[in-house]
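Engineer: Quick one: the structure is below, questions incoming.
Nothing in this text is a laboratory measurement; each read-out follows from the coordinates by a stated rule. Here the structure is a predicted model, which means the values were calculated and not measured. Here the Cβ positions follow ideal geometry from the backbone for every residue, glycine too, while neighbour counts run over all protein chains shown.
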Amino acid sequence: MVKNVLEYLEKSEEKYGTHCAYKDSCRSYTFQETGRTARAIGSFIGKLGISGRPVAVFMEKSASMIVAFLGTLYGGCFYCPIDVSMPEERIRTIFSVLEPAAVLTEAALIDRAKAVSGEKPVFLFEELAGGQADAEVISAVRAGAVDTDPLYVLFTSGSTGRPKGVVVSHRVIINNMEWLASEYAFSEQDIFGNQAPLYFDVSDHDVYGPLKFGCCTVIIPPELFTFPARLISFLNRNRVTAIFWVPFALNVVAELRGLEAELPSCLKFIFFAGEVMPMKQLNYWRRYLPDAVYCNMYGPTETYVCTYYNVDRGFSDDETLPIGRPCGNIRILVLDEENRLVTPQTGGQGELCVAGCTLACGYYNDPEKTAQRFVQNPLNPHYPEIIYRTGDLVSYNDRGELLYHSRMDFQIKRLGYRIELGEIEAAAGRIGAVRECACIYDPGRQKILFLYTGTQTDKKELARALGEKIPRYMMPNQYIYLDEMPRNANGKIDRKYLGELYRAK
């Protein structure tokens with residue numbers, strides 16, 4: 001029985017000791033080096049008397065940052081990755097919620113780390129990594145470990161403007177790793193190409209996959225995603241076999257036709273998660289790499305990956321890709337507005353709710369928000385059973401697969417009609433001139449604003465094409481062309497920014 005993710009490291013360290021575990025453009029770590037360095041850091045942290053507390057990891061994205069995560073775990077703490085490119089005001093806000101017991105940083109960032117940490121102690125990764133492991137400290141920490149212990153805290157944007165710290169336990173990642181092992185044939189020969197930031201949960205496969213499978217994660221320099229030819233060349237030089245990317249990264253390659261000069265010859269697994277994957281771009285990848293496994297993974301940070309769909313058939317460019325079925329050891333409930341169960345037989349839309357060991361522990365230092373989203377299963381009045389209400393509207397197709405429609409907070413009421421802004425976006429995504437789009441509702445003027453990238457098109461022509469796909473009452477009032485979509489730190493379209501910018505115009 002696995003109770004702690006470090007057990008994966010220790011098994012791979014024993015079996016694949018000199019194999020590369022993590023690699024970036026500056027350095028690499030074998031499994032032995034990873035374990036030795038993490039235990040040295042953990043021994044120091046374990047002697048601080050802060051067991052069970054969060055440690056903020058304030059470092060640039062690197063292989064060393066991953067080792068720092070593991071070091072905090074050896075010390076009996078849990079980690080919180082900090083995006084060092086964020087404004088200092090936001091970092092201080094996160095620290096005010098997190099109240100870290102310590103901050104772990106690197107020499108190049110020591111001054112910034114001290115500036116934002118207040119009176120919290122700041123320690124250098126380089127100094128701790130060079131220390132000695134204390135077997136007694138490590139053993140004492142592990143003796144009390146259970147799989148419900150916190151593993152990390154990730155901060156996401158809150159609707160009130162106050163960031164939410166999602167607390168994820170070891171159990172969540174252990175369950176996911178065991179499910180991956182049962183579903184896909186990963187081995188020590190695989191090489192994962194990391195794209196997602198380490199403060200975004202999509203990167204968890206890249207962080208914990210090597211520990212479970214004995215494979216290697218290579219961190220891809222972010223600037224390569226602007227130059228698909230160089231990106232594909234990098235994948236081939238490093239013999240990358242699997243990628244867990246956000247759709248935006250795949251879309252860039254497709255839009256710039258990055259597979260036409262050179263194919264990623266070793267790539268076998270293409271996983272994507274974080275937002276809706278448009279079929280136009282996915283079909284581009286499938287034309288050039290028809291034998292790869294493609295998987296659409298779904299799940300908010302609060303549930304990690306909870307459903308998946310292995311693409312097993314052809315889709316036209318104007319179809320919607322399912323989010324599929326629940327992963328192992330996870331239960332899915334779809335509840336309508338009256339908390340009645342929606343099934344493939346009853347039909348209709350409902351809110352996707354999740355139960356099982358994939359649920360986060362809640363929001364750090366925010367019991368009120370936790371109680372709003374992590375609630376008693378309304379279908380079970382007999383004993384405590386917590387579900388997470390995602391706020392996502394879904395339905396079942398005729399194959400029993402889940403289809404994502406939109407966020408419930410993207411639903412508006414106009415002219416007496418309930419309108420899903422996501423439905424407009426999905427329809428527009430099937431128009432050839434539209435690369436990406438977002439709909440914003442201006443309640444003051446009762447207008448729907450349609451913002452898009454791609455080929456700038458006459459507004460009447462765009463409206464005509466869209467009018468062939470949606471009813472008149474859903475039609476946008478204003479069409480706005482953008483050179484590029486603004487994105488938040490996780491690579492998703494920044495709808496909050498768009499709303500603030502264009503509702504005032």
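Engineer: How long is the gain from GLU319 to GLU468 if the chain were fully straight, where each residue apart is worth 0.36 nm and the alpha carbon distance is subtracted?
Structural biologist: On the way: separation 149, 0.36 × 149 = 53.64 nm, distance 1.50 nm.
Once the chain is fully extended between GLU319 and GLU468, it gains 52.1 nm.
Engineer: Tell me, what are the semi-axes, in whole angstrom and largest first, of the equivalent ellipsoid of region 6-219 as set by the roots of 5 times the Cα gyration tensor eigenvalues?
Structural biologist: Working: eigenvalues 129, 77, 59 Å².
Equivalent ellipsoid semi-axes, largest first: 25, 20, 17 Å.
Engineer: A further question follows. About its Cα centre, what dipole magnitude does region 6-219 give when the only charges are +1 on Lys and Arg Cβ and -1 on Asp and Glu Cβ, stated in debye to the nearest 20? Walk me through the numbers before you get to the answer.
Structural biologist: Numbers: 19 positive and 27 negative charges, 84 e Å.
Here the size comes out at about 400 debye.
Engineer: What does the C-alpha gyration tensor say about the overall shape of region 1-55? Classify as rounded when a/c is under 1.5, otherwise prolate if a/b is larger than b/c, or oblate. Mind dumping the intermediate values first?
Structural biologist: On the way: a/c = 2.35, a/b = 1.44, b/c = 1.64.
Verdict is oblate for region 1-55.
Engineer: How many angstrom lie between the Cα centre of region 481-505 and the Cα centre of region 395-458?
Structural biologist: Going from one Cα centre to the other spans 15 Å.
Engineer: Calculated FRET efficiency, ASP312 and ARG287, Cβ-Cβ r, R0 22 Å, to nearest 0.05?
Structural biologist: Numbers: r = 17 Å, r/R0 = 0.75.
Working from the Cβ atoms, E equals 0.85.
Engineer: Among GLU60, GLU319, what is the fewest-to-most ranking by other Cβ atoms within 10 Å? Write out the running numbers ahead of the final one.
Structural biologist: Details: GLU60 15, GLU319 12.
Exposure proxy ranking, most exposed first: GLU319, GLU60.
Engineer: Work out the length of the dipole vector of region 323-406 about its Cα centre, built from +1 on the beta-carbon of each Lys and Arg and -1 on the beta-carbon of each Asp and Glu, and round it to the nearest 20 debye.
Structural biologist: Working: 7 positive and 10 negative charges, 46 e Å.
With Lys and Arg at +1 and Asp and Glu at -1, about 220 debye.
Engineer: Fewest to most neighbouring Cβ within 10 Å: what's the order for LEU341, LEU333? Spell out each step's value before the answer.
Structural biologist: Numbers: LEU341 13, LEU333 20.
Ordered from fewest to most neighbouring Cβ atoms within 10 Å, LEU341, LEU333 come out as LEU341, LEU333.
Engineer: Once label points are set 7 Å from the Cα along Cα→Cβ at both ALA371 and THR343, what is their separation, rounded to one decimal in nm?
Structural biologist: Between ALA371 and THR343, the simple spin-label model gives 3.4 nm.
Engineer: Under the 0.36 nm per residue contour assumption, what length would be gained going from the current alpha-carbon distance of ASP409 and CYS357 to full extension? Provide the component values of the computation, followed by the final result.
Structural biologist: Numbers: separation 52, 0.36 × 52 = 18.72 nm, distance 2.63 nm.
Contour length minus Cα-Cα distance gives 16.1 nm.
Engineer: Can you give the relative contact order of the chain as a percent, counting alpha carbon pairs under 8 Å and 6+ residues apart? Don't skip to the answer; put the middle values down first.
Structural biologist: Values: 1015 pairs, mean separation 50.4, N = 505.
In percent, rounded to a whole number, it is 10.
Engineer: Another question about this same structure. Find the centroid of the Cα atoms in region 85-148 and in region 275-330, then give the distance between the two in whole Å.
Structural biologist: Each part reduced to its Cα centre gives a spacing of 36 Å.
Engineer: In addition: Whose amide H sits under 5 Å from the amide H of GLN195, counting only residues 5 or more places off or on another chain, with H placed in the peptide plane?
Structural biologist: PHE244
Engineer: Just rank HIS382, HIS19, HIS170, fewest to most, by other beta-carbon atoms within 10 angstrom. Intermediate values should be presented prior to the final figure.
Structural biologist: Values: HIS382 6, HIS19 17, HIS170 23.
Ranking HIS382, HIS19, HIS170 by Cβ neighbours within 10 Å, fewest first, gives HIS382, HIS19, HIS170.
Engineer: Give me the number: length gained by fully extending LYS114 to ARG257, i.e. 0.36 nm times residue separation minus the C-alpha to C-alpha distance, one decimal in nm.
Structural biologist: Numbers: separation 143, 0.36 × 143 = 51.48 nm, distance 4.44 nm.
Full extension from LYS114 to ARG257 adds 47.0 nm.
Engineer: Also: Could you tell me whether region 292-376 comes out rounded, prolate or oblate from its Cα gyration tensor? Rule is a ≥ b ≥ c as square roots of the eigenvalues, rounded for a/c under 1.5, then prolate if a/b exceeds b/c, otherwise oblate. Please report the intermediate quantities before stating the final value.
Structural biologist: Working: a/c = 2.40, a/b = 1.49, b/c = 1.61.
Oblate is the answer for region 292-376, as a/c is 1.5 or above yet b/c matches or exceeds a/b.
Engineer: Run the quick spin-label model on ARG230 and ARG162: label points 7 Å from Cα toward the beta carbon, then report their separation in nm to one decimal.
Structural biologist: 4.3
Engineer: Can you give me the Cα centroid spacing of region 202-234 and region 19-51 in angstrom?
Structural biologist: Each part's Cα centre sits 19 Å from the other's.
Engineer: Shape verdict for region 415-502, please, from the Cα gyration tensor: rounded (a/c under 1.5), prolate (a/b greater than b/c) or oblate. Display every interim value, and only then the final one.
Structural biologist: Values: a/c = 1.66, a/b = 1.13, b/c = 1.46.
Oblate shape, in that a/c is at least 1.5 and b/c is the bigger or equal ratio.
Engineer: A follow-up question, please. Would you compute, from DSSP H runs of 4+ residues alone, the mean residue ellipticity of the chain at 222 nm, taking -39500 (n - 2.57) per run and dividing by the full residue count, rounded to the nearest 500?
Structural biologist: Numbers: 16 runs with 157 residues, N = 505.
When only DSSP H runs of four or more count, the value is -9000 deg cm²/dmol.
Engineer: For the chain, give the magnitude of the charge dipole about the Cα centre (Cβ charges: +1 Lys/Arg, -1 Asp/Glu; no others), in debye to the nearest 20. It would help to have the intermediate numbers written out before the result.
Structural biologist: Working: 55 positive and 61 negative charges, 186 e Å.
Computed charge dipole of the chain: roughly 900 debye.
Engineer: Pick out, from TYR363, LEU379, TYR441, the residue whose Cα sits farthest towards the positive end of the charge dipole of region 348-463, with +1 on the Cβ of Lys and Arg and -1 on the Cβ of Asp and Glu.
Structural biologist: It is TYR441, whose Cα lies furthest towards the positive end.
Engineer: So what J values fall out for region 320-331 if you push phi through Karplus, 6.51 cos²θ - 1.76 cosθ + 1.60 with θ = phi - 60°, rounded to Hz, Gly and Pro as x?
Structural biologist: 9, 6, x, 9, x, 10, x, 5, x, 6, 10, 10
Engineer: Using a Förster radius of 56 Å, what is the FRET efficiency between SER139 and LEU501 based on their Cβ-Cβ separation? Nearest 0.05, please.
Structural biologist: On the way: r = 55 Å, r/R0 = 0.98.
After rounding, the FRET efficiency stands at 0.55.
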